[in-house]
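The values are calculated or read from the model by the stated rules, or taken from the named source; none is laboratory data. Please read all numbers here as calculations on a predicted model, not as lab measurements. Positions of Cβ are generated from backbone atoms using ideal geometry, with glycine treated the same way; all protein chains shown enter the neighbour counts.
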Amino acid sequence: MDTAALQLNWLQLLPWLIVVGGALLVVVADAFVARPSESSRSAFTALTVVVCLGAAFVATTLLWGRDAITFGGMLHTDKLTLLFETVVLVAGALAALVSDRWLARHEQTAGGYYGLLLLSLAGMMAFISAGDMILLFLGLELMSIPIYVLAAADRDEQESVEAGLKYLVLGSFATGVLLFGLSLLYGWAGTTSIEGLRAAFQTEGPLPIYAILGGVLALAGLLFKVGAVPFHMWTPDVYEGAPTPVTAFMAAGVKASAFAVLIRVFAGPALTGLHVSMLIALIAALTMVVGNVAALAQESVKRMLAYSSIGHAGYMLLGLLAGSAAGTAAVGFYAAAYTIVTFVSFGVLILLASDGRASITYADLRGLGTRKPWVAILMTVAMLSLIGLPPTMGFVGKFYLFWAAVEAGWIWLAVLGVLTSAVSLAYYLRVVLVMWFDEGEGVVDQAGPAFVFAMTLAAAALLVFGTMPSPVLGFAMQAVGIYF
Amino acid sequence: MSILSLLVFLPLLGALLLLLFPKERPDLYKAFSLGVLLVEFAISVPLYFQYKAAGFEGFIAEESLTWIPQWGVGYTVGVDGISLVLVLLTTFLGPVVALGAFSAITKRHREFWFHILLLHTAMIGTFVATNLLLFFVFWELMLVPMFFLIGIWGGEQRIMATVKFFIYTAVGSLLMLVGIAYLGAEHAVQTGAWSFAFTDLMGLSLVTSMQLLLFGAFALAFAIKVPMWPVHTWLPDAHTEAPTAGSVILAGVLLKMGVYGFVRLAMPLFPDAVHAATPLFIVLAVIGIVYGALVAMVQPDMKRLVAFSSVSHLGFCMLGLFALNQQGMAGGILQGLNHGISTGALFLLVGVVYERTHNRAIAHYGGIAKLTPIYATIFLIVTLSSVGLPGTNGFVGEFLILLGAFRHGYGTWAAGGSFWNLAVVGIACTGVIFGAVYMLWLVQRVFFGPVTNPSLAEKDGHGLTDLTPREVLVFAPILLAIFWVGFYPKTLLDPLEKPVAALVQRVQDDHSNPSTLAVLDDAQAHEGREVHH
């Protein structure tokens, strides 16, 4: 450990400090500041959260071009960190904006909810920027524990409580597996530094069996968070049972963070050194197939989105597997695209559940195109992006992933990828179909201006960056540039 | 901004402006959209003269802007003779379709015109793109408005039809996407730089086995779009269920994209594979010709009859392309244009009576020439052009195709190939006869003889009335085009000549990988030489 790196550079920690400060502020303010009504209190808190995340975002941009390794090698604020921090901050801000409506309907206290959301976000940021196994583990726990609670936030609903409990039990087990893997790796590499670990992976000659075992266990722990098959069993129940904004936050934020760490630990030569490519290829293939095929059979749209999110994790694994700069950058791009599209699609579901139901079926979407054209347009854009049709970010991301896979010689996986995309057509198209071609009745919540603004902005981003992807692509390429 | 970019993005701009229009003003939407499409036509015509000034050679109106520098792909557009005539077909049919749809659409007006305009952006974009990625973006973009056009304004089975159309086309294109990715990656391997430009990718040297796989991926996407037998099954449903405007655009332009895809991409990119696949594609094309004609003959529904006739006609186009010589290929492309004009007109004509009676069954009509003389005259002219009567456009295309196909078949046979090569072209000729049979029989049953359905003759407003002046205006440019191309095909053959010659040259001679020459049997090599001298 060189002494220069030991300096405590608080500027590098600024975004994280802002988020943690915001979490404390929200909890305290909620308890002590009197507000005229519960709903205005909730709106006020949501606003505070968004302002806080905006500040954190500004702080993140301040760090652009100031790559540094600080706190004794613990904290890596490089471009990879900044890319994924931006993604999770966007996920957090969108979650805050869509939560307001949900909270108002369920008469939940805003302080605790938003406090947990911000704490989880702080965990993600630590997780993403960890340069050391210790911080990595702390970040993972700080990210996960608040989400266990949030998943059960709808205390009166049995499904929500079940979701929270299920996620807690299985999540803890996965964390244990990860921890076990990391300790084996530490025993082999003799360092807790991730840089050291990557260097060890790339040494000549065959790795000892316990190193491979450690690597595979660590991978398994991370793949659990991603929701890859066969570690996906929790996903549908938890996604469906949890409050919809929390589901969106999980699907987007947790997945993105886990991929960031997968890149940090395993990207490129490190994965090749571990000689588990075939295993990951198999997992990716299964993930794409199971996610997309299972989604076909769902009647609940939320559950369909949950299964399809498994499929999307499979596509992203292709990029990681390719191990090239292009593939890894594609993962970054896809994470950004998926975060945005997740909020648009789940946001629409929140609007639809005006009578408090958690489960929205295809039938509830009937005639939305004539009842609420704007909402239907947003949902249509989201579905097109999920299918991967141009001109959306989903297309650019998928093409980039498949391209990287082909380039790396994984042609059969790319073909499987497009075939499963073809399967996904059936259920995503069904959403578009019932919205525009069927007639139907049903109440839809009047969306607040902030909500509509956020959703519209997100859908516009899908189209704009789908047509002109180069700023985001450039960002993603620079982000992974540190490893290639 | 070049004239091509203007052509591509003007309809998109129009579609977006349409969203700002006041509510419930269908007349305003119609007039505005028609105006946009007329302007499109007006700015596309000078392109022809610009190309003429360039000696009907190379690409014109090229534009290249930075788009995604990270992938080495720009926004690059340009037209040569082949894409030019297709762009002109699109801009020509645009106002005709719009004018024809004035009274047919009765609900959700603003959305309808939005999708029509968006569709034009996608179609023109597909024809003018000069790199694969841009091409694919427009190619896929086209699906979305068409999906809505059929699904919202279509007939009773519209949802089944539109889903079938969408899934067929999208799934077909997905494997092409992997092919595109492979070509991009291969270009990086071979030259060190990423590129998707058509011209750059043609410089790649690919082994025959890889060419065959890639050709398969591309050809599947295009064959579905054409559609070739046996992947044509989406077409009868989509054409029949679509609203008239949708059917006309489907038949007129979208099917031509399949033909265009073969000519622009699948054939020049993988010349060796084309040689290997030619016998198969000729057989599929001929099956399509005969099968489409026979099935069309027994249809009780006029629109479905016209839809199946498309399968037969497009079979001719493909037969011409895979003759791999100047006459056949030029004829194939020309016949594509003719089909766009004639079959487009037939769909419009069926739409006219459907709008009045809401019935498309042939048995519902009979002897209506007495009631609607103008309509009957136009219908007959269009029918004759579709059948290929000399003096109409259809004759020129069919003649060139059969000439090319015979030269190919005879050349292969004379060089020691099987007699089957020639016989199959003979079978294709029966398609011309069958074509005359089903079309003329249709005309006879619908128009001639006594009026079989008295309700049609009622004068109280429920009967069948002749064309309105607006409808005559719709058909006037089509009739003009039918005779113009029939008597003076040079207008369209001139721009096609040199690009097609270059393509024939490429397919016949260019084998970027010398080792693949062995794949060519002597017969085909011989036939290649013969054509050139």
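Please tell me if A:Phe395 is facing chain B (nearest Cβ under 8 Å), among the aromatic types (Phe, Trp, Tyr) and closer than 30 Å to A:Thr370 by Cβ. Can you show your working first?
Details: facing chain B (nearest Cβ under 8 Å): yes; among the aromatic types (Phe, Trp, Tyr): yes; closer than 30 Å to A:Thr370 by Cβ: yes.
Yes: the conditions hold for A:Phe395.
Pairs under 8 Å by beta carbon, first residue without any contact (Cβ under 8 Å) to a residue 60 or more places away in the chain in segment A:229-249, partner of a type in the set (Phe, Trp, Tyr), six or more apart or different chains?
A:Phe231/A:Phe224
With the requirement that a residue be in contact (Cβ under 8 Å) with a residue 40 or more places away in the chain, of a type in the set (A, V, I, L, M) and either in a helix (DSSP H, G or I) or farther than 19 Å from B:Leu324 by Cβ (or both), what does segment B:403-419 give you?
Passing the criteria: B:Leu403, B:Ala405.
Among (1) within 14 Å of chain B (Cβ to nearest Cβ); (2) over 22 Å from the mean Cα position of the chain (by Cα); (3) buried (at least 20 other Cβ atoms within 10 Å of the Cβ), there is one condition A:Ser421 misses while meeting the rest; what is its number?
(2)
In this structure, does A:Leu433 turn out to be in a helix (DSSP H, G or I), closer than 25 Å to A:Met379 by Cβ, at the interface with chain B (Cβ under 7 Å from one of its Cβ atoms) and free of Cβ contacts under 8 Å to residues at least 40 places away in the same chain? Give the derivation first.
On the way: in a helix (DSSP H, G or I): yes; closer than 25 Å to A:Met379 by Cβ: yes; at the interface with chain B (Cβ under 7 Å from one of its Cβ atoms): yes; free of Cβ contacts under 8 Å to residues at least 40 places away in the same chain: yes.
Yes.
Which one is nearest to the other protein chains (Cβ to nearest Cβ) among residues in segment B:151-166 that are within 29 Å of A:Val415 (Cβ to Cβ) and touching a residue at least 24 places away in the same chain (Cβ under 8 Å)?
Ranking the candidates gives B:Thr162 first.
Does segment A:400-417 hold any residues that are buried (at least 24 other Cβ atoms within 10 Å of the Cβ) and facing another protein chain (nearest Cβ under 7 Å), and which are they?
A:Phe402, A:Trp403, A:Val406, A:Ala414
Looking for whichever is of a type in the set (Val, Ile, Thr), assigned to a helix (DSSP H, G or I) and free of Cβ contacts under 8 Å to residues at least 12 places away in the same chain here; the options are B:Thr377, B:Thr383. Which one fits?
Working: B:Thr383 fails: free of Cβ contacts under 8 Å to residues at least 12 places away in the same chain.
Every option except B:Thr377 fails the conditions.
For B:Lys23, only one of the following conditions fails: (1) within 14 Å of chain A (Cβ to nearest Cβ); (2) in a helix (DSSP H, G or I). What is its number?
Here B:Lys23 meets the rest and fails (2).
Look through A:Phe453, A:Phe484 and report the one residue that is more than 10 Å from every other protein chain (Cβ to nearest Cβ) and more than 26 Å from A:Ala267 (Cβ to Cβ). Walk me through how you get there before you give the answer.
Details: A:Phe484 fails: more than 26 Å from A:Ala267 (Cβ to Cβ).
From the options A:Phe453, A:Phe484, the qualifying one is A:Phe453.
Evaluate segment A:246-260: report whether one residue or more is farther than 24 Å from A:Ala476 by Cα and surrounded by 23 or more Cβ atoms within 10 Å (Cβ to Cβ). Even if it seems obvious, please write down each step before you answer.
Applying the first criterion (farther than 24 Å from A:Ala476 by Cα) to segment A:246-260 yields A:246-247.
Okay, now just the ones that are also surrounded by 23 or more Cβ atoms within 10 Å (Cβ to Cβ), so A:246-247.
Within segment A:246-260, one or more residues are farther than 24 Å from A:Ala476 by Cα and surrounded by 23 or more Cβ atoms within 10 Å (Cβ to Cβ).
Could you please let me know if A:Phe259 is within 13 Å of the chain's Cα centre (by Cα), farther than 25 Å from A:Arg155 by Cα and among the hydrophobic types (A, V, I, L, M, F, W, C)? Walk me through it before giving the result.
Values: within 13 Å of the chain's Cα centre (by Cα): yes; farther than 25 Å from A:Arg155 by Cα: yes; among the hydrophobic types (A, V, I, L, M, F, W, C): yes.
When the stated conditions are applied, A:Phe259 passes them.
Pull out all pairs, ordered by first then second residue, where Cβ-Cβ is under 9 Å, the residues are six or more apart or on different chains, the first lies in segment B:268-282 and is in contact (Cβ under 8 Å) with a residue 60 or more places away in the chain, and the second is surrounded by fewer than 24 Cβ atoms within 10 Å (Cβ to Cβ) and of a type in the set (D, E, K, R).
B:Pro268/B:Arg506; B:Pro268/B:Asp510; B:Pro271/B:Arg506; B:Pro271/B:Asp509; B:Pro271/B:Asp510; B:His275/B:Asp521
Of A:Ala422, A:Ala382, which residue is without any contact (Cβ under 8 Å) to a residue 24 or more places away in the chain, in contact with a helix residue (DSSP H, G or I) (Cβ under 7 Å, 6 or more places away or on another chain), in a helix (DSSP H, G or I) and not aromatic (Phe, Trp, Tyr)?
Values: A:Ala382 fails: without any contact (Cβ under 8 Å) to a residue 24 or more places away in the chain.
Unique residue meeting the criteria: A:Ala422.
Return yes or no: is B:Glu140 within 17 Å of the chain's Cα centre (by Cα), in a helix (DSSP H, G or I) and of a type in the set (Asp, Glu)? Give the steps one after another, and end with the answer.
On the way: within 17 Å of the chain's Cα centre (by Cα): yes; in a helix (DSSP H, G or I): yes; of a type in the set (Asp, Glu): yes.
Against the criterion (within 17 Å of the chain's Cα centre (by Cα), in a helix (DSSP H, G or I) and of a type in the set (Asp, Glu)), B:Glu140 qualifies.
Among helices (runs of 4 or more DSSP H) lying entirely in segment B:159-258, which contain 3 or more residues that are in contact with a Gly (Cβ under 6 Å, 6 or more places away or on another chain) and among the hydrophobic types (A, V, I, L, M, F, W, C)? Full working, then the answer.
On the way: elements: B:198-202, B:208-225, B:234-241, B:244-249.
By residue number, B:208-225.
Residue by residue, here is whether (1) of a type in the set (S, T, N, Q); (2) farther than 16 Å from A:Ala23 by Cβ; (3) out of contact with any helix residue (DSSP H, G or I) (no Cβ under 8 Å at 6 or more places or on another chain) holds:
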{"residue": "A:Asp100", "(1), (2), (3)": "no, yes, no"}
{"residue": "A:Ala110", "(1), (2), (3)": "no, no, no"}
{"residue": "A:Tyr113", "(1), (2), (3)": "no, no, no"}
{"residue": "A:Leu116", "(1), (2), (3)": "no, no, no"}
{"residue": "A:Leu121", "(1), (2), (3)": "no, no, no"}
{"residue": "A:Ser129", "(1), (2), (3)": "yes, yes, no"}
{"residue": "A:Met133", "(1), (2), (3)": "no, yes, no"}
{"residue": "A:Leu136", "(1), (2), (3)": "no, yes, no"}
{"residue": "A:Ile147", "(1), (2), (3)": "no, no, no"}
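What do you reckon, is A:Ala5 modelled with pLDDT under 80, under 18 Å from A:Arg264 (Cβ atoms) and part of a helix (DSSP H, G or I)?
Numbers: modelled with pLDDT under 80: yes; under 18 Å from A:Arg264 (Cβ atoms): yes; part of a helix (DSSP H, G or I): yes.
It is true that A:Ala5 is modelled with pLDDT under 80, under 18 Å from A:Arg264 (Cβ atoms) and part of a helix (DSSP H, G or I).
Report whether or not A:Ala326 is assigned to a helix (DSSP H, G or I), crowded, with 20+ Cβ neighbours inside 10 Å, of a type in the set (A, V, I, L, M) and modelled with pLDDT of 90 or more. Steps first, please.
Values: assigned to a helix (DSSP H, G or I): yes; crowded, with 20+ Cβ neighbours inside 10 Å: yes; of a type in the set (A, V, I, L, M): yes; modelled with pLDDT of 90 or more: no.
So A:Ala326 fails the test.
Of the residues in segment B:40-84, how many are touching a helix residue (DSSP H, G or I) at 6+ places or on another chain (Cβ under 8 Å), within 14 Å of chain A (Cβ to nearest Cβ) and of a type in the set (A, V, I, L, M, F, W, C)?
4
I'd like the residue in segment B:148-158 that is in a helix (DSSP H, G or I) and not basic (Lys, Arg) and, out of all such residues, is surrounded by the fewest Cβ atoms within 10 Å (Cβ to Cβ). Show your work before the answer.
Step one: filter segment B:148-158 for residues in a helix (DSSP H, G or I), giving B:148-153, B:158.
Within this subset, residues satisfying the condition of being not basic (Lys, Arg) are B:148-153.
Details: B:Phe148: 25, B:Leu149: 25, B:Ile150: 29, B:Gly151: 23, B:Ile152: 21, B:Trp153: 23.
Step by step, filter segment B:148-158, then rank; the result is B:Ile152.
Condition (residue is crowded, with 24+ Cβ neighbours inside 10 Å and out of contact with any Pro (no Cβ under 7 Å at 6 or more places or on another chain)) applied to segment B:56-78: is it met by at least one residue? Even if it seems obvious, please write down each step before you answer.
From segment B:56-78, those crowded, with 24+ Cβ neighbours inside 10 Å are B:77; that's our starting set.
Pick out the ones that are also out of contact with any Pro (no Cβ under 7 Å at 6 or more places or on another chain) and you get B:77.
Yes, segment B:56-78 has at least one match.
If the requirement is being modelled with pLDDT under 90 and buried (at least 24 other Cβ atoms within 10 Å of the Cβ), which of these qualifies: B:Val189, B:Val207, B:Val226? Quick ask: steps written out before the conclusion?
On the way: B:Val189 fails: buried (at least 24 other Cβ atoms within 10 Å of the Cβ); B:Val207 fails: buried (at least 24 other Cβ atoms within 10 Å of the Cβ).
After ruling out the rest, the residue left standing is B:Val226.
Residues are listed down the side, and each one gets a yes or a no for (1) touching a residue at least 40 places away in the same chain (Cβ under 8 Å); (2) under 23 Å from B:Ser173 (Cβ atoms); (3) more than 13 Å from chain A (Cβ to nearest Cβ):
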position: B:Val96; (1), (2), (3): yes, no, yes
position: B:Leu99; (1), (2), (3): yes, no, yes
position: B:Phe102; (1), (2), (3): yes, no, yes
position: B:Arg108; (1), (2), (3): yes, no, no
position: B:Ile116; (1), (2), (3): yes, yes, yes
position: B:Leu119; (1), (2), (3): yes, yes, yes
position: B:Ala122; (1), (2), (3): no, yes, no
position: B:Ala129; (1), (2), (3): yes, yes, no
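Could you list, in sequence order, the residues of segment A:383-392 that are aliphatic (A, V, I, L, M) and more than 9 Å from chain B (Cβ to nearest Cβ)? Even if it seems obvious, please write down each step before you answer.
Going through segment A:383-392, the residues aliphatic (A, V, I, L, M) turn out to be A:383-384, A:386-387, A:389.
Across segment A:383-392, the qualifying residues are A:Met383, A:Leu386.
Specify which of the listed residues (A:Gly356, A:Gly367, A:Gly442) is touching a His at 6+ places or on another chain (Cβ under 9 Å), surrounded by fewer than 22 Cβ atoms within 10 Å (Cβ to Cβ), at pLDDT below 90 and more than 9 Å from every other protein chain (Cβ to nearest Cβ).
That would be A:Gly356, the only listed residue that is touching a His at 6+ places or on another chain (Cβ under 9 Å), surrounded by fewer than 22 Cβ atoms within 10 Å (Cβ to Cβ), at pLDDT below 90 and more than 9 Å from every other protein chain (Cβ to nearest Cβ).
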